[in-house]
1. Just checking, how many residues over the stretch 156-173 are assigned to a strand (DSSP E or B) and touching a residue at least 40 places away in the same chain (Cβ under 8 Å)?
2. Quick check on the stretch 193-220: of everything there that is basic (Lys, Arg) and in a helix (DSSP H, G or I), which residue is surrounded by the fewest Cβ atoms within 10 Å (Cβ to Cβ)?
3. For the condition open to solvent by 50 Å² or more (accessible area, probe 1.4 Å) and without any contact (Cβ under 8 Å) to a residue 40 or more places away in the chain, what is the one hit in Ser22, Ser3, Ser48?
4. When you go through Gly193, Gly176 one by one, which is the residue that is farther than 20 Å from Lys255 by Cα and either without any contact (Cβ under 8 Å) to a residue 40 or more places away in the chain or in contact with a Ser or Thr (Cβ under 9 Å, 6 or more places away or on another chain) (or both)?
5. Among the candidates Gly227, Gly278, Gly264, which residue alone is within 27 Å of Val132 (Cβ to Cβ) and modelled with pLDDT of 95 or more?
6. Are any residues in the stretch 119-139 without any contact (Cβ under 8 Å) to a residue 24 or more places away in the chain and either assigned to a loop (DSSP other than H, G, I, E, B) or surrounded by 15 or more Cβ atoms within 10 Å (Cβ to Cβ) (or both), and if so, which ones?
7. All but one of (1) without any contact (Cβ under 8 Å) to a residue 12 or more places away in the chain; (2) touching a strand residue (DSSP E or B) at 6+ places or on another chain (Cβ under 8 Å) hold for Asp29; which doesn't?
8. So, in the stretch 243-257, of the ones that are surrounded by fewer than 20 Cβ atoms within 10 Å (Cβ to Cβ) and among the aliphatic types (A, V, I, L, M), which residue ends up nearest to Trp32 (Cα to Cα)?
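The values are calculated or read from the model by the stated rules, or taken from the named source; none is laboratory data. The shown structure was predicted, so the numbers you read here are calculated from the model rather than taken from an experiment. Here the Cβ positions follow ideal geometry from the backbone for every residue, glycine too, while neighbour counts run over all protein chains shown. The accessibility values were calculated without ligands, DNA or RNA, using every heavy atom of the protein model including side chains. Shrake-Rupley method; radii C 1.70, N 1.55, O 1.52, S 1.80 Å.
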Amino acid sequence: MISVPFVSFREIERELGSELRSAFERVLDNSWYIRGEEDEAFEKAFASYCGTAHCVGCGTGLDAIYLSLKALSIGPGDEVIVPSNTYIATALAVSYCGAVPVFVEPDINTYNIDPERIEVAITNRTKAIIPVHLYGQPADMDPILAIAHDHKLFVVEDAAQAHGALYKGKRVGSFGDAGAFSFYPGKNLGALGDGGAVVSNNEAIARVVKELGNYGSDRKYHHIMKGNNSRLDEIQAAFLSAKLPHLEDMNAERKRIAQRYLSGITNPNITLPIMIDGADPVWHIFAIRHPRRDDLATYLHEQGIQTQIHYPIPIHHQIAYQDLHHKPGEFPIAEEISRTELSLPLFYGLEDAQIDHVIDCLNNFAR
């Protein structure tokens, strides 16, 4: 039986192992581990890649969203619109600011926030919108930006899963007031540990993000605000600098695999991803839907194929957010996705024989 893991880093490690070891040795030889030359070099390179003027490294993707919101002075009494279908980190960043996440349903076809539903959720307390480029699929930014402009709202893009994705020829993360990225190892651009970054074309926002992530300090032992500790380690910055030049090639391979799935999966009971016009996704996750998702996952497991669910429990059903008093059925689209979504193996190094096996098993599933 052919075995297909959900994710593997083996091919990346094989191809880039020498570069990653050289990066480690370079940091070790420099004996400087926080906010040094490596961090500065990566921030410059990643800002250029994203098409933004500024980049500030931080500890995690969650921190990147949180620091962006704090830099925009969002706090208690404020509301921030977030998708009802996303990873909990998007909402947690809002909560950590003391603000309230207001959920808006996604488009069932794209899984991203539905711009047509946003305006109804806006109140006099709304301060920002966080569109998430979920699964590496760009959100529909033009109408979102238009709504934000009309209502004088900030836009913070959650691009944690979308390194390199394009919307109408422009990199995601570069549209809003700030863009937040995660470098968790499984991301398209992943560190060898945790890491994150904020990109922005606004110098003031970037400066405040940097100060907030350094204990609120603009220079050593001089603290102008109550910040926290969220900085990108030199060693992770060095690893990311080694991997960044290869990101386009790795994304191209992910696109090739996704196209194999899109053209090869013909089971009429399987709903395939749908892209909006102008979107060039990077396929962090290849999400399908099936009315008997759990049976399908069990069947694939029996065939040696690992899958995951993104995400099995919607945020409004999580115990952590029971204080918002949302009821079952209040966000039916997010709940439908949580019941039917299944993520297929898709990673750099996935072999054609493994892809064929996944496609064959999906097309043969009839239970």
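1. The number of residues fulfilling the criteria is 6.
2. Of all residues in the stretch 193-220, those basic (Lys, Arg) come to 207, 210, 219-220.
From what's left, in a helix (DSSP H, G or I): 207, 210.
On the way: Arg207: 15, Lys210: 23.
Only one residue fits best here, namely Arg207.
3. Values: Ser22 fails: without any contact (Cβ under 8 Å) to a residue 40 or more places away in the chain; Ser3 fails: without any contact (Cβ under 8 Å) to a residue 40 or more places away in the chain.
Unique residue meeting the criteria: Ser48.
4. Values: Gly193 fails: either without any contact (Cβ under 8 Å) to a residue 40 or more places away in the chain or in contact with a Ser or Thr (Cβ under 9 Å, 6 or more places away or on another chain) (or both).
Being farther than 20 Å from Lys255 by Cα and either without any contact (Cβ under 8 Å) to a residue 40 or more places away in the chain or in contact with a Ser or Thr (Cβ under 9 Å, 6 or more places away or on another chain) (or both) holds for just one of Gly193, Gly176, which is Gly176.
5. Within the list Gly227, Gly278, Gly264, the selection yields Gly278.
6. Within the stretch 119-139, just Asn124 meets the criteria.
7. For Asp29, the exception is condition (2).
8. Selected residue: Leu244.
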